[in-house]
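The values are calculated or read from the model by the stated rules, or taken from the named source; none is laboratory data. As the structure is a prediction and not an experimental result, all values here were calculated from the model. Cβ placement follows ideal geometry from the backbone for every residue including glycine, while neighbour counts extend to all protein chains displayed. When the accessible area is computed, the model is the full protein with side chains, heavy atoms only, and any ligands, DNA or RNA have been set aside. Shrake-Rupley method; radii C 1.70, N 1.55, O 1.52, S 1.80 Å.
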Amino acid sequence: MRVLVVEDFEILARTLGTGLRREGMAVDVVLDGATALERLAITPYDVAVLDRDLPGVHGDEVCRRIVADHPACRVLMLTAASTVRQRVDGLGLGADDYLPKPFDFAELVARVRALARRPGPALPPTLESGDLTLDPNRRVATRAGRRLDLSPKEFAVLEYLLASPGRVISPEELLEHVWDEAADPFTTAVKTTIRRLRTKLGDPPVVHTVRGGGYRLGQL
């Protein structure tokens, strides 16, 4: 999934970005509301982890703009405010979830994953295709009962393909949702990752190339 972290405390922002990337997510990090709105205007995000108390453009305004202009993006609002009234106010702005500081990182990851499943039909806890199984929460993928040793990017690509059964996924779509802003749009990262993933998945092949279209998961 593609996540935007908006947090003005730089140490926390970078820590969240690093931690979420280790969970296989594509993460962009910004430190103020104005930059967040600029990124949202050009990049489709699945989830925004949004600090409410931002300098310049306040987090409340960023939240309102996301709800109005980017309805597919879910908002997890963070704040040091802990009273029930303040939480209700935050949700009243259109935020999908609310997490008071300080928080446990594992809980933040679980909430981000839950939010990412909301825009479309609910995904099952475990994704499956034939003898291939992937558990996003436990970060475990197996084929025919054999555990697969996948890198974070390989795992994320496989998860994205499994979440879109039968659909042809273009390299551009994978680059947009699995990689972050640091990715070169002309990179061969997608092709290289697919090649390595195919090797680890073994035979018979389950990731197929559709000429002129991209990649599709499933048995031929």
Does Arg111 fit the bill of being closer than 27 Å to Glu172 by Cβ, open to solvent by 60 Å² or more (accessible area, probe 1.4 Å) and in contact with a strand residue (DSSP E or B) (Cβ under 8 Å, 6 or more places away or on another chain)? no
Out of all the residues in region 147-159, which are touching a residue at least 24 places away in the same chain (Cβ under 8 Å) and either open to solvent by 60 Å² or more (accessible area, probe 1.4 Å) or within 13 Å of the chain's Cα centre (by Cα) (or both)? Asp149, Pro152, Lys153, Phe155, Ala156, Val157, Glu159
Within region 130-138, is even one residue exposed (fewer than 14 other Cβ atoms within 10 Å of the Cβ) and touching a residue at least 40 places away in the same chain (Cβ under 8 Å)? yes
Can you give me the number of residues within region 51-79 that are open to solvent by less than 60 Å² (accessible area, probe 1.4 Å) and in contact with an Asp or Glu (Cβ under 8 Å, 6 or more places away or on another chain)? 12
Would you check if Leu162 is surrounded by 14 or more Cβ atoms within 10 Å (Cβ to Cβ), farther than 17 Å from Arg21 by Cβ and modelled with pLDDT of 80 or more? yes
